[in-house]
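These notes concern the structure reproduced below.
Derivation of every value follows stated rules applied to the coordinates shown; laboratory data play no part. Small disclaimer: the values here were computed from a predicted structure and weren't measured. All Cβ positions, even for glycine, are placed from backbone atoms using ideal geometry, and neighbour counts span all protein chains on display.
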Amino acid sequence: MTVQTRPLREDDLSDLLALNNAAVPAVNALDEPALSALIAASHGSLAVVDCEHPEQLAGFVICLLPGREYASENYRWFSARSTSFLYVDRIVIAEGSRGGGLGQVLYASVFATARAAGAAEVFCEVNLEPPNPGSLVFHERLGFAEVGRQSTKSGSVVVALLARDVWAPRSKPALGLQA
């Protein structure tokens, strides 16, 4: 499959909503108005598509710069600690497209966007409870490091807060895995 990234479009909304809500609990569920508002506040948010079927979304990423009006507990945690970042609010790959390198394609664009915006770091979080071990390994391979933990959603979710310098090496092998 040959893929490309492109900016999210208004006509993607129903597909984005379906992809997002199929990925719960790795990401929180959204309704159409909440997703639309998140996209409007975002910066550098992209879809990844198969070049032969560009109308079908294989995944997406939604990012925010500092200073946005956004109620996310995790975004506020990072905002209290830095003013030079790009925050990955969510990255979702369609079930049938996982394991094909699409997350790396999206993150290459995220880091390019962060550098272009003059951001020093890229931030994100990954669920520890409920567990999301695949995402933890993936982010570790990309060079992210845990900088904190936080209990959110009235204690029903615990996240690892992750950071990576935008100029750090592109990726590193996960501990215990061969490159």
Beta bridges per DSSP with both ends in region 3-165, % antiparallel, nearest 5: 90
What is the extension gain from residue 76 to residue 34, computed as 0.36 nm multiplied by their sequence separation minus the C-alpha to C-alpha distance, in nm to one decimal? 13.4 nm
Is there a quick way to get the dipole size of the chain? I mean about its Cα centre, with the Cβ of Lys and Arg at +1 and of Asp and Glu at -1; what is the value in debye to the nearest 20? 720
Of all GluC sites (Glu not before Pro) in region 3-88, which ones are in loop regions per DSSP and have a Cβ with at most 15 other Cβ atoms within 10 Å? 52, 69
May I ask you to compute the full-extension gain from residue 149 to residue 53, defined as 0.36 nm times their residue separation minus their alpha-carbon distance, rounded to one decimal in nm? 30.6 nm
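Which loop-located GluC sites (Glu not before Pro) does region 115-161 contain, where loop means any DSSP state but H, G, I, E or B and the Cβ has at most 14 other Cβ atoms within 10 Å? All intermediate terms of the calculation are to be shown ahead of the outcome.
On the way: sites: 121, 125, 140, 146; in loops: none.
Hits after loop and neighbour filter: nothing returned.
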Could you compute the net charge surrounding residue 25? Neighbours are other residues with a C-beta less than 15 Å from the C-beta of residue 25; K and R count +1, D and E count -1. -1
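Given Cα pairs under 8 Å that are at least 6 residues apart, what percent is the relative contact order of the chain?
Value for the chain: 17 percent.
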